[in-house]
Amino acid sequence: MKTFDAVVIGAGVVGSSCALALAQAGLKVSVLDRGAIASGTTSAGEGNILLSDKELAPEISLAKYSRDAWFSIAEEIGNHFELEAKTGVALTRSDAGLQKLRHTAEIQREAGIENQEIGFDELHELEPYLHPEISKGIFYPGDAQCQPMLAAAHMLREVRRRGGEINQRVEVVNLLKRPDGGISGVQTTSDQISAPIVINATGTWAGEIAELAGSHLPIMPRKGFILVTTPAPGLVHRKVYDADYIANVASDSAEIQSSAVVEATNSGTILIGASRERIGFDSSMNVDVINRLAKQAVALFPVLASIELMRVYKGFRPYAPDHLPAIGEDAVVPGLYHCAGHEGAGIGLAPGSAHLLRDMILQQESFMDPSAFAPARFQTVNA
């Protein structure tokens with residue numbers, strides 16, 4: 001039986017961030033994933049590192065720290081994952097939409113997020129191919145982007161360099177416990193691993209790991225689609241999205257929701273999202289949603305009507321009932337820590353979430369109060 005200081009279940013961007021934070025603190029870490037590195041939700045992510053879509057105070061603090069932490073990671077291990085300070089623009093055509101944007105922007109400014117209302121001239125200077133009827137928006141200089149699969153891979157490379165172990169296509173089938181009920185390791189399909197700390201970073205499937213341990217974590221999936229065009233460099237310069245996007249992020253509706261989010265990649269392709277649908281793990285294609293996203297994108301950038309669609313991909317965003325992630329020790333099983341439920345913000349919030357978890361494990365003061373993210377809040381609700 002191999003022995004480690006900690007086991008991280010999940011090799012997506014959140015699990016990789018947790019593993020890196022612990023390895024940097026001197027812990028010997030084993031990372032396990034039942035698939036390949038970054039093959040789950042991370043593989044279906046746009047790579048957003050956003051401040052502009054955050055409204056809840058705890059998440060704003062986490063997002064601000066995480067955004068800076070991403071650039072610190074790039075300095076330490078090398079920017080091999082296309083990290084860039086892209087900036088963002090939230091748009092609206094109506095006065096009512098502008099009032100909503102202004103309200104959100106004011107909350108964000110009070111929390112330290114820089115933003116600026118801009119009119120027609122500034123807006124179209126930033127994005128020359130915008131629809132000419134769009135004249136109102138909020139500019140966010142802090143929004144950034146990365147390539148999440150590359151980010152996870154390079155963080156895990158650093159974990160391995162620091163003495164860690166990465167195990168792909170290995171499934172955890174049980175959590176091992178001491179006589180007092182605390183964690184002592186994991187049982188996989190091929191081996192047992194001894195460790196006093198197990199981190200559940202399995203995203204949409206985090207509830208299954210909690211259940212294996214005899215606990216409860218209500219993380220559920222929301223399916224979403226992303227469209228990818230053929231390369232069309234120079235048409236879109238920033239992350240541009242409709243004001244409805246913010247409302248959809250915070251919505252509890254089970255209905256299909258979509259709002260235009262458009263951005264270009266370094267390779268010239270253009271990513272178009274974002275849809276949200278609560279239908280469990282149904283992975284079927286939905287042509288109606290794809291058509292709706294395409295029309296919404298063209299409504300922002302009419303020039304996209306002439307650009308061919310190259311592919312469509314889909315994934316499951318892990319969300320909690322209160323739209324805040326679960327970060328911290330399990331309320332029932334000592335030694336089991338959760339880091340999941342970030343919904344569509346997992347990539348942006350990953351480093352800060354990992355640092356919060358590291359500080360809890362090492363029992364040291366962190367950059368913010370983590371209590372809003374405590375998994376114990378769900379035990380109270382379900383008591």
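In a simple Cβ point-charge model (Lys, Arg +1; Asp, Glu -1; nothing else charged), the chain has a dipole of about 900 debye relative to its Cα centre.
Annotation for the range 1-40 versus the range 115-129: alpha-carbon center distance of 42 Å.
Dividing the mean sequence gap of close Cα pairs (under 8 Å, 6+ apart) by how many residues the range 282-343 holds gives a relative contact order of 25 percent. Extension gain for N266-Q116 works out to 51.4 nm (0.36 nm per residue, less the C-alpha to C-alpha distance). If a/c stays under 1.5 just call it rounded; otherwise compare a/b with b/c (prolate if a/b is bigger, oblate if not). Do that for the range 329-383, with a ≥ b ≥ c from the square roots of the Cα gyration tensor eigenvalues. Verdict is oblate for the range 329-383.
The C-alpha atoms of the chain define a longest principal axis, and helix 346-361 lies at about 30 degrees to it.
Spin-label model, Q363/H80: points 7 Å from Cα along the beta carbon direction are separated by 3.7 nm. Distance between the modelled labels on Q192 and S371, one decimal in nanometres: 4.0 nm (7 Å Cα→Cβ projection).
Nearest 20 debye, what's the magnitude of the dipole of the range 281-382 about its Cα centre given +1 on Lys and Arg Cβ and -1 on Asp and Glu Cβ?
Its charge dipole is roughly 440 debye.
Among E263, E55, E75, sorting on how many other beta-carbon atoms sit within 10 Å of each Cβ, with the fewest leading, yields E75, E55, E263. Each of the peptides 368-377, 349-358 was scored by the mean count of other Cβ atoms within 10 Å over its residues; in descending order, highest first, they stand as 349-358, 368-377. By the helix-only formula, in which each DSSP H run with n ≥ 4 contributes -39500 (n - 2.57) and the sum is divided by residues, the chain has a 222 nm mean residue ellipticity of -9500 deg cm²/dmol. When peptides 78-85, 215-222 are ranked by their average number of other Cβ atoms within 10 Å per residue, the highest-first order is 215-222, 78-85.
Note on the range 187-237 and the range 271-334: Cα centroid distance 15 Å, given to the nearest whole angstrom. Sparsely packed loop sites in the range 116-212 (the trypsin sites (Lys or Arg not before Pro) outside DSSP H, G, I, E and B with at most 12 other Cβ atoms within 10 Å) comprise R169. Each Lys or Arg adds one and each Asp or Glu subtracts one; over the other residues with Cβ under 15 Å from the Cβ of P302, this totals -1.
Just for the chain, what percent of DSSP beta bridges are antiparallel, to the closest 5? Among the beta bridges of the chain, antiparallel pairing accounts for roughly 70 percent. Remark: the range 127-139, residue by residue, has Karplus-estimated 3J(HN,Hα) of 10, x, 9, 4, 4, x, 7, 8, 10, 10, x, 10, 9 Hz, where x stands for each Gly or Pro and the curve is 6.51 cos²θ - 1.76 cosθ + 1.60 at θ = phi - 60°.
The amide H of K136, built 1.01 Å from its N in the peptide plane, has T92 as neighbours under 5 Å, considering only residues 5 or more places off or on other chains. By the count of neighbouring beta-carbon atoms within 10 Å, fewest first, L336, L235 end up ordered L235, L336. With axes computed from alpha carbons, what is the tilt in degrees of helix 57-77 against the longest principal axis of the chain, rounded to the nearest 10 within 0 to 90? That works out to roughly 80 degrees.
Only the coordinates and a few stated rules stand behind these numbers; no lab work does. Treat the numbers as computed from the prediction; the structure is a model and nothing was measured. Positions of Cβ are backbone-derived with ideal geometry, glycine not excepted, and every protein chain shown enters the neighbour counts.
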